[in-house]
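Have a look at the structure below, then the notes.
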Amino acid sequence: MAVLTDIVIASANDAPAIIAQWPGSKMWPGLQTTGLDGLVLADLAEALGQVNLARSIEDLDPSAFADEANGPWVYVLPNELRDHLANIDASDLDRVAQVWAEKEEASARGLTAQDAQRLLLEIQPLAAVARDGQKPMLLWISM
């Protein structure tokens, strides 16, 4: 079974409501996907040249959860990741996607450069909306 991993744009204070209502509620803009957990997002940060950001993503603790052991969980992603994603230049998308797909965890999960590019094209506008609205990106994970 695939791990559901969605990116949601909402206030960090909304994390408990997201636990209770997501993915059924469309109160918040988001991207529904699978396999995009903290380790894969840390690989993305490294692909963006942000090693310290990658470490901070790996060290995140859940902001909210329904069941600590079984989830779902919501993590508040660093605004630095949001801003880097929002600011990726179109001419850099192919390079970032290729580097991301070659990173250890992303590669082990089967992320191809084509998948990575598609995800970046979907995540980037969400990151821009979050940045412009001064909201964080939240990572919702469910087994």
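Each reported figure results from applying straightforward, stated rules to the coordinates on display, with no laboratory input. Predicted model only: the values in this text are computed from it and were never measured. In this analysis, Cβ positions are derived from the backbone assuming ideal geometry, glycine residues included, and neighbour counts consider all displayed protein chains.
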Gain in span if fully extended, VAL51 to VAL3, counting 0.36 nm per residue against the direct Cα distance:
14.8 nm
If one takes the longest principal axis of the Cα atoms in the chain, at what angle in degrees, from 0 to 90 and to the nearest 10, does the Cα axis of helix 113-132 lie?
60
Have a look at GLY24, LEU93, ALA66 and report the one farthest towards the positive end of the charge dipole of the chain, computed about the Cα centre with Cβ charges (Lys/Arg +1, Asp/Glu -1).
GLY24
Suppose R0 equals 41 Å. What FRET efficiency, 1/(1 + (r/R0)^6) with r the Cβ-Cβ distance, do GLN21 and SER91 give to the nearest 0.05?
0.60
Label-point separation, ASP132 to ALA108 (7 Å along Cα→Cβ), nm:
3.8
For the chain, size of Cβ-based charge dipole, Lys and Arg +1, Asp and Glu -1, in debye:
380
Using amide H atoms built 1.01 Å from N in the peptide plane, name the residues 5+ places from THR34, or on other chains, whose amide H lies under 5 Å from its own.
THR5
Which angle from 0 to 90°, rounded to the nearest 10, does the C-alpha axis of helix 93-102 make with the longest principal axis of the chain?
80
Taking Cα pairs under 8 Å and at least six residues apart, what relative contact order does segment 56-143 come out at, in percent?
40
Please give me, ordered by residue number, the GluC sites (Glu not before Pro) of segment 49-143 that lie in loop per DSSP and have at most 11 other Cβ atoms within 10 Å.
GLU68
Net charge dipole size for segment 35-80 [Lys, Arg +1 and Asp, Glu -1 on Cβ; Debye, nearest 20]:
120
Cβ-Cβ FRET estimate between ARG118 and ALA12, R0 fixed at 25 Å, reported to 0.05:
0.35
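Based on other C-beta atoms within 10 Å, arrange ASP92, ASP6 from fewest to most. Let's see the in-between values first.
Working: ASP92 13, ASP6 21.
If I rank by nearby Cβ atoms, fewest first, I get ASP92, ASP6.
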Taking only Cα atoms and a 10 Å spring cutoff, compute GNM fluctuations for the chain and point out the largest among ASP94, ASP14, ASP67.
ASP67
